[in-house]
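Taken together, the values in this text are just the output of simple stated rules run on the coordinates, not laboratory data. Remember, it's a predicted structure, so these values are computed and weren't measured experimentally. When we count neighbours, we look across all protein chains shown, and the Cβ atoms used for this are built from the backbone with ideal geometry, even at glycine.
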Amino acid sequence: MKHLLSSFILLVFAVVHSFAQTTVLDFESPATSTVFQYFGSSLDGTTNEVIANPNPTGINTSSKVGKYIKPAVAEVWAGCFSNPNPTAVVDMAGNGKVSIKVHMDHIGSVTLKLEGAINGGDNWVTTVANTKVNEWEELTFDASIPSIEAPFTTAVGHIYARVTLFFDFGTAGTGTEKTYYFDDITTQPNSSVTTSILDFETPATGTDFQYFGSAQDGTLTQIINNPNPTGANTSAKVVQYVKPGVSEVWAGAFSNPNPTAPVDFGSGGQVCVQVHMDHIGNLALKLEGSLSGKPNWIQKLSNTKTGEWEELCFDSSLPSLEPPFEAASGAYTRIVLFYDFGNSGTGTDVTSYFDNIVVKSSGAPQIRTVDFKVDMNNYAPNFDKVYVSGSFNNWSGDANPLSDANFDGIWEGSIVVPNGSYEYKITLDNWAAQEMFIGTEECTKRDPSGQFVNRLLLVSADAALPTFCFNSCYACGEEVKLTFKLGMNGNVPNPEGVWLAGGGNFDVPGGNYKMQDNNADGVYEVVVPRKKGFSSHYTFANGPCPDYSCKENLAGLPCGDANNYNDRFLPAVQSNTTIATCFGTCSNNTDCVTATFAPVEDSQVFSLLGNPTQLGSTVLAFGNTMVEDRMITLTNTVGQIVKQWTVSNAVVSYTLETSGLKDGLYFVTVQEGNRFFTRKLVK
């Protein structure tokens, strides 16, 4: 179906930006005017009037205003909503307040509700009392105040399409018809301020960070004298961070105890960290422990300077790099830092420094253009129009149309949206047809209710998406379906389920790749669409254990790769493929009979000469000559394929050029027939 939609005093510094207000509606021109549709009374379905200003004095001498009538008999929730919606959105991503001029003949209240968030926010409603009668007064609604309706979130960080107004909300009709006037609905930004979270100069403004992901697990970072008090950072104290030569790709450190002041995006903005590194790499920052129940948030930035201090600022409006890919909002209690995130230890301890973690409130949001190209050539039924329908246009069936100007079956178009995470589908002829997904595609996301699966769009910059086929993540003809079938080999299935997981491509146990036994035959299945040439390690887990404590144990078995957590390995696939096996065994069937032909790990397949690589290349020396050609796969530490190619069986050695690779750890896998082996390569 269609997707419906402190005891510690904070250090606050001077305002550094000032922004002008933005007019949403002033009723003076067609572009800045609309009508509002009544509900909750006998006026249901009719619209209000835009009239001449009945009292053009004081703060409002404009010509035109909106007139609102509350009948004598009206519900407590009687009101009106913009129909059509204003041309200008109500932008709370870059602003903090909405103001409305009102004219009332009694002391009462005005309630403002913002709906139809184009970047996935909840509806927001709040009430402000008027203080003047028979004259114009401007009422201001603060976006940082929690909504008076569930789920009681703020409007901060969101952009809304619809304006709904209630006069004397919560009060039924008085028996006498009441007339109100309203005008000049505007938005204003909050002042931009910098709030210090940690500067490490005093016990109240410092804390320790606890290491994880290396031999330093459980130990703490040190606060030391600034080793280079020049340039951007001349403070006395900083934190020293050491990444050991042997450490995981996810090695880092978390605040312990947490800062006295939380990282609070009540007015949006950025969290900034000063760093000092001796090489070009990256810093990932993760925020955890949301005080409003929001998911954790992580982003990564590359440094641009070495041997000097530099400030890296992480934009809260960007979608997280991890599921559920949401922007940051509200307040977070814990800070986690990862130096060179995604890269394991280089073999040598690397020392870096950080200092002055601050929050900077934001000004105007970053508006981005995203281009689409949808190939409709494989879609047989007749259709006339193609649209991009999603959370950015309230799932409209006739907004954001695409066009096929060249009549080549490739429909093109663009949307303009702020940074954020969005869901969408390609739809036809005002929802006469739509894309359908199963939820295990790389480009999709299942909503929390489990009812809808949509494409996921993460926007952090202008982008031109690669051409994709209707109902696929890839170009037409490039998709293959992988069917994983698993017998339990006498293991009692966990009542919460069985999962395909691991390899950097299949999420953690309990994640997106839950297997099903729909016909109750004891065989669990999951279908995974992927692009031709896809290859990955993988494993099975009996239960939802994010720490992998319930994964199968293949240690010592030929199908378990000892160089990759004893996981299974799936060579590159070129067509629809079924993988049938049993939990904890190397069988090639779900009857759990050990196969006579199965992938066998064999260290004689090849060796690496020149590792770590220093001269821009390394040599793969192959073992006994095989009848079949060799498939070689180069992957990074998160399982992504960097390069994949085939070498003739007659070749004795192959020179792998590494000068174009970033420094770090890689895995080289060579498969020949049913034999394979994986070796680590350090660049």
Problem set entry | Over region 478-599: Rg over Rh, Cα atoms, Kirkwood Rh | 0.93
For this session: Could you compute the FRET efficiency for N228 and Y565, with r as their C-beta to C-beta distance and R0 at 35 Å, rounded to 0.05?
Result: 0.35
Exercise. So what's the gap between the Cα centers of region 47-121 and region 462-514, to the nearest angstrom?
Worked result: 48 Å
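Kindly state, to the nearest 0.05, the FRET efficiency for L609 paired with E308, given R0 = 35 Å and r defined as their beta-carbon distance.
With a Förster radius of 35 Å, E is 0.35.
Per residue and in Å³, how big is the convex hull formed by the alpha-carbon atoms of region 603-682? It would help to have the intermediate numbers written out before the result.
Values: hull volume 6.6 nm³, N = 80.
Per residue, the Cα convex hull of region 603-682 comes to 82 Å³.
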Exercise. Between C443 and T577, what is the spin-label point distance in nm, taking each point 7 Å from the Cα along the Cα→C-beta axis?
Worked result: 2.2 nm
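Looking at region 194-360, I'd like the Rg to Rh ratio, where Rg is from alpha-carbon atoms and Rh is Kirkwood's inverse mean 1/r. Display every interim value, and only then the final one.
Working: Rg = 14.8 Å, Rh = 15.9 Å.
The Rg/Rh ratio comes out at 0.93.
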For this session: Kindly work out what percent of the DSSP beta bridges joining two residues of the chain are antiparallel, to the nearest 5.
Result: 95 percent
Exercise. When the dipole is taken about the Cα centre of the chain, and only Lys, Arg (+1) and Asp, Glu (-1) are charged at their Cβ, what size is it in debye, to the nearest 20?
Worked result: 580 debye
Exercise. Quick one: what does P(r) look like for the chain with 20 Å bins over all Cα pairs, in whole %?
Worked result: 15, 40, 33, 10, 1
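Over 29 Å between C-alpha atoms is what I'm after, so list which of K97/K178; K425/K680; K360/K643 land there. Walk me through the numbers before you get to the answer.
Details: K97/K178 27 Å; K425/K680 40 Å; K360/K643 40 Å.
Pairs exceeding the cut-off: K425/K680; K360/K643.
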Exercise. Among H537, F583, V573, which residue has its Cα positioned farthest towards the positive end of the charge dipole of region 478-599, with +1 placed on the Cβ of Lys and Arg, -1 on the Cβ of Asp and Glu, and the dipole taken about the Cα centre?
Worked result: V573
Exercise. What percentage of all Cα-Cα pairs in region 367-469 are separated by more than 16 Å?
Worked result: 57 percent
Exercise. Taking K and R as +1 and D and E as -1, what net charge do the other residues with C-beta under 14 Å from the C-beta of P418 add up to?
Worked result: -3
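Gain in length, N553 to K300, computed as 0.36 nm per residue apart minus the alpha-carbon separation, to one decimal in nm?
So the extension gain works out to 87.8 nm.
Highest mean first, how do 455-465, 660-670 rank when packing is the count of other Cβ atoms within 10 Å averaged over residues? Before the final figure, lay out the partial values.
Details: 455-465: 16.5, 660-670: 18.2.
Ranking, from highest mean packing down: 660-670, 455-465.
Translational D (Stokes-Einstein, µm²/s) of region 448-525 at 10 °C and 1.306 mPa s when Rh comes from the Kirkwood sum over C-alpha pairs? Intermediate results must be reported in sequence, preceding the final value.
Working: Rh = 15.7 Å.
Answer from the Stokes-Einstein relation: 101 µm²/s.
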Problem set entry | Directionally averaged shadow of region 244-297, computed from the convex hull of its alpha-carbon atoms, nm² | 5.5 nm²
Problem set entry | Potential extension, T483-S617 segment - 0.36 nm per residue separation minus Cα distance | 44.5 nm
Seminar exercise, completed: Rounded to whole angstroms and listed largest first, the alpha-carbon spread of region 36-180 along its three principal axes comes to 39, 32, 28
Problem set entry | Unpartnered cysteines - no second Cys beta carbon under 4.7 Å - across the chain | C80
For this session: Take the Cα coordinates of region 23-108, assign each an equal point scatterer, and use the Debye formula without solvent to give log10 I(q)/I(0) at q = 0.21 Å⁻¹.
Result: -1.20
Exercise. Under a Cβ-Cβ cut-off of 12 Å, what is the net charge of the residues other than V358 that fall near it, where Lys and Arg count +1 and Asp and Glu count -1?
Worked result: -3
Exercise. Summing Lys, Arg as +1 and Asp, Glu as -1, what charge do residues with Cβ under 15 Å from the Cβ of T655 carry, T655 excluded?
Worked result: +2
